[in-house]
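Beneath this line is the structure, given in structure tokens, with notes to follow.
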Amino acid sequence: MVATRNPINLGAAARAMMNFGFSRLRVVNPYEVAFREARSAVGAAPLLRSAQECSTVAEAVADCRLVVGTTSAGRRGLKHSLRRLEEGARLIGHALIEGPVAVLFGSEKFGLSNEDLSHCHWLMRIPTTSPNLSMNLGQAVSLCLYELSRDSNRTAGGARKIKPATAAQNEQITALLLDALGRSGYVNPVTSASTAEKVRRLVRRLEIESRDASVLLGMLRQILWKLGA
């Protein structure tokens, strides 16, 4: 939950998590500091009290091997693959075999920012009849969790022996690559923020495997050492 403004929605999300068997809630810069006491968390107060509070999206998703953002889409220009909820839930179910998955929900007023979205591999939307009207945040969380939990057979089958890189590894690669691009003169200071988002999205689209991440990090560190020499 990223920059959630209304503690009632956080309470509703915690209650939905208890309903559908989810237990790891992470909040990024919640607007209301007293969210842990939300009365809407009926029966889920312990889960809400144990929620991990993070200062950045990168911190919240660091151990995850897949990061999926949610959006109402509408008229917004998106730079990610966008999947309907039922398709996205199937892909998330298979990905859970390999490791933790993060599903990001943005603030009630603005949704996820472009910087938040740059941490995502792809996006997911609930197919409503009014695409330009977003759903209530608590309701959206409930629908997504229901779809994720309704077919326990989705995760059947063996896990792949090769694991994808974690979000933390992808972010390390992104940071070193941006450092190298900056030292080489590729990055324009005026557009550095948008360049960082583009590079972050690019790294996630590559779907780097965990065993290759350390190799890439070593390559980038060597390049930076030479550039600094």
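The values are calculated or read from the model by the stated rules, or taken from the named source; none is laboratory data. Remember, predicted model here, so these are calculated numbers, not experimental data. As a convention, Cβ positions derive from the backbone with ideal geometry for all residues, glycine included, and neighbour counts pool all protein chains shown.
The single condition among (1) surrounded by 22 or more Cβ atoms within 10 Å (Cβ to Cβ); (2) within 26 Å of residue 194 (Cβ to Cβ); (3) not polar (S, T, N, Q) that residue 59 does not satisfy is (1).
Each row is one residue, and each column tells you yes or no for (1) assigned to a helix (DSSP H, G or I); (2) outside the structural domain of residue 148 (by TED's automatic domain parsing); (3) crowded, with 19+ Cβ neighbours inside 10 Å; (4) among the basic types (Lys, Arg).
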{"site": "16", "(1), (2), (3), (4)": "yes, no, yes, no"}
{"site": "23", "(1), (2), (3), (4)": "no, no, no, no"}
{"site": "53", "(1), (2), (3), (4)": "no, no, no, no"}
{"site": "80", "(1), (2), (3), (4)": "no, no, no, no"}
{"site": "89", "(1), (2), (3), (4)": "yes, no, yes, no"}
{"site": "94", "(1), (2), (3), (4)": "yes, no, no, no"}
{"site": "109", "(1), (2), (3), (4)": "no, no, no, yes"}
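Residue count for the range 111-122 satisfying the condition of being part of a loop (DSSP other than H, G, I, E, B) and within 23 Å of residue 139 (Cβ to Cβ): 3. Looking at the range 184-217 only, could you name the residues that are small (Gly, Ala, Ser) and outside any helix (DSSP H, G or I)? Selection gives 185 alone.
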